[in-house]
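Structure provided below as C-alpha cells; questions to follow.
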Amino acid sequence: MAFFRFTRSKHRKLINFTAAHLMAVLFALLAGTSSAWAAELNVYTSRHYKVDEKVNKLFEEKTGVTVNKLFVKNATQLMERLKLEGKSSPADVLILTDVGNLVRAQESQLFQPLKSKIVTETVPQRFRDSQDLWTALSVRARILVYHKDRVKPSELSSYESLVDPKWKGRLLVRSSTNIYNQSLVASLIKASTVEDALTWSRGIVANMARKPEGGDTDQIRAVSRGVGDVAIVNSYYYARLAASNKAKDKAVVKTVKPFFPNQAGRGTHVNISGAGIVKGAKNTDQARQYIEFLLTQEVQSLYSLENFEYAVHPQVKASPQVQSFGDPKLDQTPLSKFATHSSLAVKTLEKSGWR
Ligand code: FE2
C-alpha cells in the first residue's frame, strides 16, 4: 500500500491513499469557496530531502503564507494523482526531481507558464524549459565512486568506457526503473544514437557486480564493502556521506573516492530538481512567489550547504564537500534536449535486460 505524506507544516500526519485523497478533495472544495484559504499554498513534491522542511518554514515566516505539502517520493504516482484530480486538484506547485520527470509532467500538460522575471534572470537557460513551463531549483552530477585500493583513477575515463570487459563483475548501479539512470541513458542517446545507448546498457548489465538493488548510497556502501569496485551515483549522495559525522559513514568515505567521467569530452552528465506552477492552480501568485523564493541566494545556499547539490543561482557557491571535487567539466547540453528521449531511454533499458 502506497503511503502519501500530506503535511501542514505544524501538524504532520501520515495517512493512507484513501484518507489523503478525501482530504485533498475536501481541501479543493474549501480552496474554491473561501477567500480565507488565499494565504495558503499547496505544494506537491517528490523531492525527498530534509532541507525542504526548513525551506518551507522559512517561506511561511517571511510571507505568512501557509505551505501545505503533499510528499510522494514516486514522481510517477504523484503525477498520476494530479491527472486524476484534474481541475479539482488543490495543487499550486509541482516539484519533481530529474528533468525526465519534469518533461513528462510538461507532456501531460500539468504546468502553466511561470511568467517570472526572477526565474528568467536567475536561472541559466539550459536549466529552464524553453516554453517557460518549469525551472530547475538545483543541479546534481551523476558521478562514479570507486574503491581507492582496487581501482586507479587513471583506469577511469568515461561512462562509455565502463562497458570494457575489464570491469566484468565490478560495477554497481541501481535499477533502471530509477529516473536518474533513465536520464543518463537519454543523455547517451542525445550524445550518440539509440543503438549505441542499447549496446552501452547491455555492456553495463554484463559488467554488474550484482543485480541492481537499493539506492545510490547503497551502491557507495557496497563499493566500500567490496561487493563491487565502481558505482554510478548522484554527487550529493557521496558528498552527504563525506560530510557525515557518523562513524560508519566516515569508515565508508575512507575507502572510496569520487570521479567525474567524460572530462575529455562533453563533461559529466548533470540533472536537476525543478518546479512549475500547476495548470489550474488556485493560488498562482503565491505559487510564483514560492518558486522565486526557492531561487533566492538564501534558499540556494541551503540546497548547497545542507543537501550538497549545486545551486542554480550563479552567485551561490558549492558546499566545501562539493568544492573538494575541484572544478570538473559538466555537460552543458540544455537538459530539455535529452529529456525528450526519456521514453526511448526506458525502452532501451528494458531491451538491454537492466532490471
Ligand atoms: Fe535523490
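What's log10 of I(q)/I(0) for region 201-244 at q = 0.27, 0.32 Å⁻¹, Debye sum over Cα points only, no solvent?
-1.02, -1.23
Next question, about the same structure. Taking only Cα atoms of region 42-127, what ratio of Rg to Rh do you get with Rh as the Kirkwood inverse-distance radius?
0.96
What ratio of Cα Rg to 2.2 N^0.38 Å holds for region 57-186?
Relative to the 2.2 N^0.38 Å estimate, region 57-186 comes out at 1.39.
Taking the simple approach of a point 7 Å from Cα along Cα-to-Cβ for both residue 297 and residue 126, what is their distance in nm?
A separation of 2.5 nm, rounded to one decimal place.
Still on this model: Please pull out the direction-averaged projected area of the chain, using the convex hull of its alpha-carbon atoms, in nm² to one decimal place. Walk me through the intermediate numbers first.
Values: hull surface 69.1 nm².
Its Cα hull, projected and averaged over all orientations, spans 17.3 nm².
Bins of 5 Å, beginning at zero and ending with the bin holding the largest distance: percent of Cα pairs per bin for region 231-355, please.
Calculated P(r), rounded to whole percents: 2, 9, 13, 17, 17, 16, 13, 9, 4, 1, 0.
On to the next question. For the peptides 201-210, 170-179, what is the packing order when you average, over each peptide's residues, the other Cβ atoms within 10 Å and list the highest mean first?
With the highest mean Cβ count within 10 Å placed first, the list reads 170-179, 201-210.
Please report Rg (one decimal) and Dmax (integer) in Å for the Cα set of region 229-297.
Considering region 229-297 through its Cα atoms, Rg and Dmax are 18.6, 51 Å.
On to the next question. What pairs from 54/254; 57/329; 148/250 go past 24 Å between their alpha carbons?
54/254; 57/329
Give the Kirkwood hydrodynamic radius (Å, one decimal) of region 111-216, defined as one over the mean of 1/r across all pairs of different Cα atoms.
Result for region 111-216, one decimal place: 16.3 Å.
Normalised radius of gyration for region 129-172, please: alpha carbon Rg relative to 2.2 N^0.38 Å, two decimal places. Intermediate results must be reported in sequence, preceding the final value.
Values: Rg = 16.4 Å, N = 44, 2.2 N^0.38 = 9.3 Å.
That works out to 1.77 for region 129-172.
Can you list the GluC sites (Glu not before Pro) in region 283-319 that are in a DSSP coil and have 15 or fewer other beta carbons within 10 angstrom?
Answer by residue number: there is no such site.
Run the quick spin-label model on residue 247 and residue 148: label points 7 Å from Cα toward the beta carbon, then report their separation in nm to one decimal.
Roughly 2.1 nm, to one decimal.
Full-extension gain between residue 164 and residue 264, please, as 0.36 nm times their residue separation minus the C-alpha to C-alpha distance.
Gain in length upon complete extension: 34.2 nm.
If contacts are Cα pairs under 8 angstrom and at least 6 residues apart, what is the relative contact order of the chain in percent?
RCO, the chain: 25 percent.
Taking θ as phi - 60°, what are the ³J(HN,Hα) couplings along region 262-277 by the Karplus curve (6.51, -1.76, 1.60), each to the nearest whole Hz, with x for Gly and Pro?
Once rounded to whole Hz, the list reads 6, 5, 7, x, 7, x, 6, 4, 10, 9, 9, 10, x, 9, x, 8.
Suppose R0 equals 45 Å; then what is the FRET efficiency for residue 355 and residue 112 from their Cβ-Cβ distance, rounded to the nearest 0.05?
Plugging the Cβ-Cβ distance into 1/(1 + (r/R0)^6) gives 0.75.
Something else now. State to the nearest 20 debye the size of the charge dipole of region 286-355 about its Cα centre, where the only charges are +1 on K and R beta carbons and -1 on D and E beta carbons.
400 debye
When only alpha-carbon atoms count, how far does region 165-222 stretch along each of its three principal axes, as whole angstroms with the largest first?
So the three principal-axis extents are 32, 26, 14 Å.
Same structure, new question: Can you give the relative contact order of region 235-355 as a percent, counting alpha carbon pairs under 8 Å and 6+ residues apart? Present the calculation step by step, with values, prior to reporting the outcome.
Details: 91 pairs, mean separation 33.5, N = 121.
Relative contact order, region 235-355: 28 percent.
For n ≥ 4 DSSP H runs only, could you compute -39500 (n - 2.57) per run for the chain, divide by its residues and tell me the 222 nm figure to the nearest 500?
-12500 deg cm²/dmol
Okay, moving on. Considering the options 324, 238, 272, tell which one lies farthest towards the positive end of the dipole of the chain, charges being +1 on Lys and Arg and -1 on Asp and Glu at the Cβ, about the Cα centre.
Of 324, 238, 272, it is 238.
Specify the inter-centroid distance of region 253-287 and region 182-208, based on alpha-carbon positions, in whole Å.
Cα centres, region 253-287 to region 182-208: 20 Å.
For region 64-105, state the average projected area of the convex hull of the C-alpha atoms over all orientations, rounded to one decimal in nm². Let's see the in-between values first.
Working: hull surface 13.8 nm².
Mean orientational projected area (region 64-105, Cα hull): 3.4 nm².
Residue 58 versus residue 315, label points 7 Å from Cα toward the beta carbon: distance in nm?
Calculated label separation equals 1.4 nm.
From zero up to wherever the largest Cα-Cα distance of region 148-266 sits, split into 5 Å bins and tell me the percent of pairs in each.
P(r) for region 148-266, in whole percents per bin: 2, 11, 21, 25, 22, 12, 5, 2, 0.
Taken together, the values in this text are just the output of simple stated rules run on the coordinates, not laboratory data. Bear in mind the structure is a predicted one, so any value in this text is a computation, not a measurement. Methodologically, a virtual Cβ is constructed for each residue, glycine included, from the backbone with ideal geometry; neighbour enumeration extends over all protein chains shown.
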